[in-house]
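Undergrad: Take this structure, written in structure tokens, and hold onto it; I'll ask about it next.
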Amino acid sequence: MSNFIILILAFIFAISVLVAVHEFGHFWVARRFGIKVLRFSIGFGKPIWRRVGRRDGTEFVISALPLGGYVKMLDERDCEISPQDQGRAFNHKPVSARLAVLAAGP
């Protein structure tokens, strides 16, 4: 029984690492194109760890269900944004930049 538990924990760890690398690709390219990243999350559900970056206020989160993740970017379609942040919104970037961000998850 303990081998089964170790196997399940190893699987969850491996999936979490793969998800983190994949989402980091989106995060890195978005930052390179000047898109404001609001949240970098590994997992879904209730956050169990949270930290806000000092440089630009990105919220880094690890959530209770580590079987996925997402990068939330500033986008006018989700909420109202200030005039000074409009140039950093995902939907205000050229199509080539948006496609690069979407394709960046290795």
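Undergrad: Can you sort K93, K46 so the residue with the fewest Cβ neighbours within 10 Å comes first?
TA: Ascending Cβ contact count within 10 Å gives the list K46, K93.
Undergrad: Another one. DSSP loop trypsin sites (Lys or Arg not before Pro) in the stretch 1-77 with at most 16 other Cβ atoms within 10 Å of their Cβ, which ones?
TA: Those satisfying the criteria are R54, R55, R77.
Undergrad: Give the lysines reachable from K93 as a straight Cα distance under 24 Å; neighbours fewer than 8 places away on the same chain don't count.
TA: Output for K93: K36, K72.
Undergrad: Assuming 0.36 nm per residue, please report the length gained on full extension of the stretch F11 to E80 beyond their Cα-Cα distance.
TA: 20.9 nm is the gain from fully extending F11 to E80.
Undergrad: Using Cα atoms only, what is the angle between the long axis of helix 2-32 and the major principal axis of the chain, expressed in degrees (0 to 90) to the nearest 10?
TA: Around 10 degrees separate the two axes.
Undergrad: In the stretch 2-103, with Lys and Arg counted as +1 and Asp and Glu as -1 at Cβ, which of these residues, W28, N91, S63, has the Cα nearest the positive end of the dipole, that is, farthest along it?
TA: Positive-end residue among those listed: W28.
Undergrad: Can you give the relative contact order of the stretch 2-103 as a percent, counting alpha carbon pairs under 8 Å and 6+ residues apart?
TA: Worked out over the stretch 2-103, it gives 28 percent.
Undergrad: Taking the Cα centre of the chain as origin and charging only Cβ (+1 Lys, Arg; -1 Asp, Glu), how large is the dipole, in debye to the nearest 20?
TA: Once rounded to the nearest 20, the dipole reads 240 debye.
Undergrad: Multiply the residue separation of V52 and A100 by 0.36 nm, subtract the distance between their alpha-carbon atoms, and state the gained length in nm to one decimal.
TA: 14.7 nm
Undergrad: At a Förster radius of 35 Å, what calculated FRET efficiency corresponds to the Cβ-Cβ distance of W28 and S2, to the nearest 0.05?
TA: FRET efficiency, W28 to S2: 0.35.
Here, each number is a calculation from the coordinates, and none is a lab measurement. This is a predicted model, so every value here is computed, not measured. When we count neighbours, we look across all protein chains shown, and the Cβ atoms used for this are built from the backbone with ideal geometry, even at glycine.
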